Amino acid sequence: MTREFWVSVVVLVGLPVAAFIAHITGETYIINLLTRMIVLGLAGIGLNFALGYGGMVSFGHAAFFGLGAYVAGIAAFHAFDDSLIVSMPFELGGTNQMLLIWLIAIFLAAVLAFLIGLISLRTSGVYFIMITLAFAQMLYYFAISWPAYGGEDGLSIYLRNEFPGVQTDKAFSFFLLCFAILLLVLLLCWRFINARFGAALQGARMNALRLSSIGIAPFPVKLTAFVISAMIVALAGALYGELNGFVSPSNLSWHMSGELIIFVILGGVGRLVGPLIGAIVFVLLETYLGGLTDRWQFFLGLILLATVLFANGGIMGLIGGRTRHD
Amino acid sequence: MTDAMEPILQINHLSKRFGAVQASDDVSLTVLPGRLHALIGPNGAGKSTLISQISGFLMPDAGQIFLKGRDVTHLSAERRVHMGLGRSFQVSNLLLEWSARRNVMLAVQARRGGSFRFFKNVWKDAELRAAAEAALQKVGLQDRADIRAMELSHGERRQLEFACALALEPAILVLDEPMAGLGPEGTAEMTAFLEELKHSIPILLVEHDMDAVFRLADEISVLVYGRIIASGPPETIRQSVAVQEAYLGSSSDAA
Ligand SMILES: Nc1ncnc2c1ncn2[C@@H]1O[C@H](COP(=O)(O)OP(=O)(O)O)[C@@H](O)[C@H]1O
Ligand SMILES: [Mg+2]
């Protein structure tokens, strides 16, 4: 086993242990903080699937994150007052079932990512960054100008939605639920990356011409990865809405897209568990440094700069060593 | 016998223009089974452009390309590979961060399909590994399988590209200056390798090294300013006045 593997194990064991200790000492605030790390880390892992493994630097993944959040918010909003989302041509009400909400969020994200990817993956480099940003901003302004769901003010989830057999309104239970999802997604990503699909995807990132010249068209491979990536990020977005009890256009804004990129770069581009580490560091800085000074982002910037300049594979590269491609 | 000599690759009246440059000017040529057809010509004559059109990375303005009798002019590069067209590039084109073995394994995967399989571990796949080992063996790189492509020498990278191309089990190989930068010893090895290979796989060879070309070729076409000015068996080309004047005579170009 590589050092990266053991670093990942330590992180993945450390989080629930920390949450458990917080649970028995009654530190709900800490549990929620840890849940925040996990949920943001999950979103970073989703982005990393496209960015790290497929070389698609999307600056618009907030579109999928916010979409997931709004699905949770809108479903809860209608379930709460028992109203209809759509009445024509068929009747569709809200739901407070997380499983159903996630399925809808993931499905809608897949459709949206397919359409966005179809157009933006014809470009590359700066153009790709700008086009993905433009699509996300379209959604952002749409959310702002849609008064039915709070417009600029966002939308509250008064009662956390339900999951069979889990008391989702209890902080530790919700943490465990999110953690289970994180593990499941990590497992899936790990399999995908080391399967034939992953080989083709990484080949497409390193040298698309090479891929074409051995007879694998890079475009469908990248598009598929882009869609999978969006599905994961949407799931994280839905959980984020539940965690905060609140969704708002800021979930869709370019700041959010930027934060996702920061998780990936900080933790390690193309490192499976890297973005989780990035999100942990980000939340720690935001919480503890942010408590001391409003200019905490200045220090975040410094750390980011140092990472880019001196730690090639992010924090995971620093402590987990180089990747091996034997 | 005549049936067997149906061309593997046939190019009919191919033309391609870049602005003022006529890179391909009514080019026609064929490659027959078991034969090596060499394409020679000075720098900028349009050899690489022709190869790009054959392999589907550039669309010709006019003309047709037939692969094993089928018109592939409008097929994608990837489809042509699956129909048996293998190629090498003038400039090395590999997955540099990956080991030699992984490079070849991906080519085997491309050949066998399954790039949309999501669960089975690819790097432990015995079928892919065995086929990759066999291809590396063919080019003599079996002892370098674990070395990353970026750490291989220039000559070894060339061999690795061949291993990838062979792993695709091509019906024809289109090679763009495979000897370039190899040095005398490497060139001799590559020549011997191609001499062996051409019996099993027909080859269209673009090459500057005249010794190699005259030793290997069954047929030679001379391209100048995008136009084929002479085509025929090596003896005929060697003696052709037009070729002497346009190409072979000016030793600086031939170097
Ligand atoms: N993509 C391109 N755009 C414009 N001109 C090109 C392009 N590719 C090649 N050319 C021109 O076409 C001519 C033939 O180039 P090339 O096929 O590379 O020649 P060769 O391989 O015989 O040295 C040259 O004049 C070159 O400058
Ligand atoms: Mg050339």
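No value in this document is a laboratory result; all are computed from the given coordinates. Keep in mind that this is a model prediction, so the values were computed, not measured. Here Cβ is always computed from backbone atoms with ideal geometry, including for glycine, and neighbour counts include all displayed protein chains.
In terms of the Cα gyration tensor, with a ≥ b ≥ c the square roots of its eigenvalues, is chain B rounded because a/c is under 1.5, prolate because a/b exceeds b/c, or oblate? Judged from the Cα gyration tensor, chain B comes out prolate (a/c at least 1.5, a/b above b/c). Our summary gives chain A a relative contact order of 33 percent, counting only alpha carbon pairs under 8 angstrom and 6 or more residues apart.
Amide hydrogen proximity for residue B:23: with H placed 1.01 Å from N in the peptide plane, the residues at 5 or more positions away or on another chain lying under 5 Å are B:16, B:17, B:18. If you count Lys pairs in the protein assembly as shown whose Cα atoms are under 28 Å apart, skipping same-chain pairs closer than 8 places in sequence, the total is 12.
Between the residues B:55, A:195, B:140, the greatest Cα displacement towards the positive end of the dipole of the protein assembly as shown, with unit charges on the Cβ of Lys, Arg, Asp and Glu, is found for A:195.
For the residues of B:118-125, the average number of beta carbons from a partner chain within 10 Å of their own beta carbon is 6. Structure remark: mean-square fluctuation, Gaussian network model of chain B, C-alpha springs under 10 Å; the largest value among B:86, B:114, B:69 belongs to B:114. For the protein assembly as shown, what class follows from the C-alpha gyration tensor (a ≥ b ≥ c being the square roots of its eigenvalues): rounded when a/c is under 1.5, otherwise prolate if a/b is larger than b/c, else oblate? Prolate shape, in that a/c is at least 1.5 and a/b is the bigger ratio.
Note on residue A:107 and residue A:152: the model spin-label points, each 7 Å out from Cα along the C-beta direction, lie 3.5 nm apart.
Here the Gaussian network model covers chain B, with springs between Cα atoms less than 10 Å apart; of B:72, B:81, B:122, B:122 fluctuates the most.
Less than 5 angstrom separates the built amide H of residue B:99 from those of B:149, all sequence-distant by 5 or more or on a different chain. Neighbour counts of other Cβ atoms within 10 Å put B:205, A:184, B:85 in the fewest-to-most order A:184, B:205, B:85. Pick out which of A:98, A:316, A:231 has the largest mean-square fluctuation in a Gaussian network model of chain A, springs linking Cα atoms closer than 10 Å. Its mean-square fluctuation being the largest, the pick is A:98. Helix screen, chain A: DSSP H segments with Cα axial length of 27 Å or more and mean Kyte-Doolittle hydropathy at least 0.5 are A:3-24, A:28-51, A:62-81, A:98-120, A:125-144, A:171-193, A:218-244.
Given axes a ≥ b ≥ c from the Cα gyration tensor, I'd like to know whether the stretch A:3-320 is rounded (a/c under 1.5), prolate (a/b larger than b/c) or oblate.
oblate
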